[in-house]
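Here's the structure we're looking at; comments come further down.
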C-alpha cells in the first residue's frame, strides 16, 4: 500500500542523498522484502524490471545477527512514494506484511511504519506483533523535530505505527539525516538502548519541531488511502 499522501508529494524534486535504509534481521527465520515505487508492481532482488508476479525474487535477509542478517536498501529518489513490504518467513507475502513507507521531497524525508493491510486488504496487523521492532534515524537529523526512533514492543499494539487511516504517525527527517535502521525481532537489551553500531553522519543543520505536521490538509485527510496492495494478497 502506498498512501495518497506519499503520491501527492510526487511533484516535488527528488533529494540527492547517499542515505539508505538498513534492515537488520534478528529473527530466527528469514525475512523477505519487496517494494513498490510510484505505484509500480512489487519487485525485489532483480530491480524494477522484474516484478514478483512475473517471476522476480524478493530480497531475502537471513535470520540472526551478523553480516548475512543485514541488508541496505537504496532509497528511491524519483520524487514519489515507496512502500517497502516485509514478510516474516514467507516469500509469498500471503501470511502478512509490515510496511515502511517513505518519500523524499526536496527538504527531507516523510516516513512511517504501517500495519494497515498487514493481514490482508483492509485488515490491520503485522507478522512482527510478538517481536521487538525499532526504527532508528542517524546523522545530524536524528532527534530534530519528529525525526525520532520508533519502538514497537513485542506483544503490544504499536501506537507509533499506522493502525487507523487517520493516525498522525507520519514522521519527518531533514535532508542531513543519515541512514535509517530498521531492527526486526531485536533483543531487549539493544531494543531499549541507542543503536551503537552506526556512526552518525558528520553534517549539520536542523528543522522546525512541527515541520512534519505542517503538510497540506489533503495529506492529513487522506493519508492512508490505499492505492496499490499488490504484493501480499494477490495470486
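With contacts taken as Cα pairs under 8 Å and at least 6 residues apart, segment 40-188 reaches a relative contact order of 18 percent. The modelled label-to-label distance for the pair residue 123/residue 65, using points 7 Å beyond Cα in the direction of Cβ, is 3.3 nm. Which FRET efficiency value, to the nearest 0.05, do you get for residue 72 and residue 164 by plugging their Cβ-Cβ distance into 1/(1 + (r/R0)^6) with R0 = 45 Å? According to the calculation, E is roughly 0.90. Summary of the geometry: segment 94-132 and segment 143-197, compared by the centres of their Cα atoms, lie 12 Å apart. Length gained on full extension, residue 92 to residue 130: 11.6 nm, using 0.36 nm per residue less the C-alpha separation.
Each reported figure results from applying straightforward, stated rules to the coordinates on display, with no laboratory input. What you see is a predicted model, and the numbers here were worked out from it, not measured in a lab. In this analysis, Cβ positions are derived from the backbone assuming ideal geometry, glycine residues included, and neighbour counts consider all displayed protein chains.
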